[in-house]
Every structure is written in C-alpha cells, then in structure tokens.
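Notes follow the structure.
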Amino acid sequence: ARCPRLRPPPLAVGMGMHLPMSLTLLIPIGALLGRTYDKWAERRGDNVEFKKRLGVLMATGLIVGESLFGVI
C-alpha cells in the first residue's frame with residue numbers, strides 16, 4: 001500500500017527537529033558531496049574501498065576540527 005521509499009528516515013527527522021536551520025541545510029549538501037565523491041571513486045576503478053574510506057576519514061576530520069574550533 002505505502003511506498004517505503006517516500007518515508008523519511010527517523011534520523012533525518014530527529015536532526016531536523018533539534019538542529020537550527022543553518023545546520024540542517026548543510027546536512028543534505030554534505031550528503032550530495034559524499035555521494036558525488038563515492039561515484040567519482042567508483043569511476044576511477046582502482047582501490048575503490050580505500051578511496052571511500054579516505055573520504056569518510058576526511059569528513060570525520062572536518063567534523064572534529066569544526067567541533068574543536070567551536071570549543072576554542
């Protein structure tokens with residue numbers, strides 16, 4: 001009856017309720033950038049898993065760096 005693809009994920013709904021709009025807008029932008037990077041890594045063909053892990057590591061570093069900068 002219902003289409004499961006049109007149901008929003010619970011994490012996205014929770015983040016949308018608790019985060020300010022300025023941060024909520026950055027989440028889909030980051031998701032699009034991540035998807036673009038993953039497609040680029042797949043097109044390159046060699047060491048796909050390594051490149052994807054490197055992308056996750058870089059994104060994690062940006063998040064931690066921003067958090068530390070906010071604390072300082």
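Please treat every number below as a calculation from the coordinates, not as lab data. Everything numeric here is computed off the predicted structure, so don't read it as measured data. Neighbour counts run over all protein chains shown; Cβ positions are idealised from the backbone, glycine included.
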message: Where the second residue is surrounded by fewer than 11 Cβ atoms within 10 Å (Cβ to Cβ) and the first is more than 15 Å from Ile63 (Cα to Cα) and lies in region 13-31, which pairs have Cβ atoms under 6 Å and are six or more apart or on separate chains?
response: none
message: Tally up the residues in region 1-49 that are surrounded by 10 or more Cβ atoms within 10 Å (Cβ to Cβ) and not in a helix (DSSP H, G or I), please.
response: 2
